[in-house]
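What follows draws every value from the coordinates through simple rules; no lab data is involved. Please read all numbers here as calculations on a predicted model, not as lab measurements. FYI the Cβ positions are ideal-geometry reconstructions off the backbone, even for glycines, and counts take in every protein chain you see.
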Protein chains: 2
Amino acid sequence: MSAEASPQRPAHSPLTERQEARRRRILHASAQLASRGGFDAVQMREVAESSQVALGTLYRYFPSKVHLLVATMQDQLEHMHGTLRKKPPTGERAAERVAETLMRAFRALQREPHLADAMVRALTFADRSVSPEVDQVSRQTTAIILDSMGLTDPTPEQLSAVRVIEHTWHSALITWLSGRASIAQVRIDIETVCRLIDVTDPHASDD
Amino acid sequence: MSAEASPQRPAHSPLTERQEARRRRILHASAQLASRGGFDAVQMREVAESSQVALGTLYRYFPSKVHLLVATMQDQLEHMHGTLRKKPPTGERAAERVAETLMRAFRALQREPHLADAMVRALTFADRSVSPEVDQVSRQTTAIILDSMGLTDPTPEQLSAVRVIEHTWHSALITWLSGRASIAQVRIDIETVCRLIDVTDPHASDD
DNA sequence: CGCTAATCTAGAACAAGTTTCAGACTTGAT
DNA sequence: ATCAAGTCTGAAACTTGTTCTAGATTAGCG
């Protein structure tokens, strides 16, 4: 369950302490640069310099800029999942709780719009070579949503609804980031798609 | 209602015949290269050479690779809208018709997966400078969906559902293109999101 | 026709992602 | 402590998107 982006071999050597430190420095520099100017501001040479690592080494840890930014996203997502766990959503119906959770995540992203830009653009621009890492992000997102629904054992239908919610979440974020949708519009889209949960929820109102 | 990507001034001079011809050649070359190897295969120098135009001229017509590919998508979308009009979907309920239409479009994309890759990646990677063109694509897509619903005067709720359907459509395409979702999975996602139409349709079953 | 402004061309130049390589440094095993 | 294998560094090179320039061509106009 861990597809680490480690030097060379996928999950081989467990990374020495100095290597772990390098990896952190790199991710930190990446997030920092991204926070400043978004996707374009994360320049590999600058990341290398900021994190005091040679360019070649940076590429050994993260084989492309997109890999790096997706790993940055994994990092941030973990952080966010932790934060969300502490204050679970309070809505009564599952749909409300999911919408509440996503809007909370959205507000967090609004605080660092450039960072959000870098991460989301990388995620959707990623080609097949990044699939494992993108998939991991997707699983993490699914976990967050299911968590907020309070489900341990979702039905296939509910999983479908969650998939669609994730699609909407990503795409709505993009339209917001590129200035084609307002914050209010994103909220409406999220609330709209969350209705699907009611449609697939056996205890909705009937029965 | 036409945000042409024309040389220099937005909608100024109506383009001479030779200019129109150049523009066509460029779009044709773009689509051709994209069909071969997707986003990466569309290299500006090659597009320029294939369409017998200097690099500088190419950039005068389309100010970036993303602009070019989004324009290519507009072109293809128009074509598809025409095709879809000829054989309207046959389902009884609006949700069925929309799903049918999108699956038809999806099958068309499957025939040219590399072209689809180039266009969709460009669309989601586009930054603010391409917003007008991306918006135009979005309007065109909305029109196709509303067409298939047979709606001339949608309610705000229905428009919200259509927005979410578009989000899902784009994002599902991306997961398919990057090999993270199967064709079957895309179909399920589309069918799932189309249920939203029933939820917002006043004549669904009740009343 | 002849002029002027706009457009087009060829090609160099620049920017940033990625690759490569020789040599210095670490690590782990003996 | 020593050696082999693997890792890191610094720097150059390569690729492709983008910009710039000087001169040739074209379009519109009097």
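Some values worked out for this structure:
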quantity	calculated
Listed peptides A:108-114, B:113-119 by packing density, highest first (mean Cβ within 10 Å)	B:113-119, A:108-114
Within segment A:158-192: backbone nitrogen closer than 19 Å to the A:T142 label point (7 Å, Cα to C-beta)	A:158-171
Dimensionless Rg over Rh [chain B; C-alpha; Kirkwood]	1.01
Shape category assigned to the protein assembly as shown from the gyration tensor of Cα positions, a/c cut at 1.5	oblate
Distance-filtered residues of segment B:110-125 - backbone nitrogen under 16 Å, label point 7 angstrom along B:H79 Cα→Cβ	B:110-120
Segment B:34-89 and segment A:60-86: distance between their alpha carbon centers, rounded to Å	34
Anisotropy class of segment B:101-203 from Cα gyration tensor, a/c 1.5 cut	oblate
Cα-centred dipole magnitude for the protein assembly as shown, charges only on beta-carbon of K, R (+1) and D, E (-1), debye, nearest 20	1820
Percentage relative contact order, segment B:65-200, counting C-alpha pairs under 8 Å, at least six apart	35
Linear extension gain, B:A41 paired with B:K86, 0.36 nm per residue minus alpha-carbon span	12.9 nm
Helix-only [θ]222 nm of chain B, DSSP H runs n ≥ 4, -39500 (n - 2.57) each, per residue, nearest 500	-24500 deg cm²/dmol
At 7 Å out from Cα toward Cβ: A:Q140 inter-copy label distances (nm, ascending)	3.6
Anchor B:K65: lysines whose Cα lies under 26 Å away (excluding residues fewer than 8 positions away in-chain)	A:K65
Dipole magnitude of chain B about its Cα centre (Cβ charges: Lys, Arg +1; Asp, Glu -1), debye to nearest 20	980
Average partner coverage of B:188-198, which counts Cβ from other chains inside 10 Å	5
Relative compactness, segment B:77-127, computed as alpha-carbon Rg over 2.2 N^0.38 Å	1.31
Kirkwood hydrodynamic radius over Cα pairs of segment B:134-183, then Stokes diffusion coefficient at 10 °C and 1.306 mPa s, in µm²/s	134
B:L55-B:I183 FRET efficiency (beta carbon distance; Förster radius 51 Å; 0.05 resolution)	0.85
Anisotropy class of segment B:17-113 from Cα gyration tensor, a/c 1.5 cut	prolate
Rough spin-label spacing in nm, given labels placed 7 Å along Cα→Cβ, for A:Q110 and B:R18	5.3
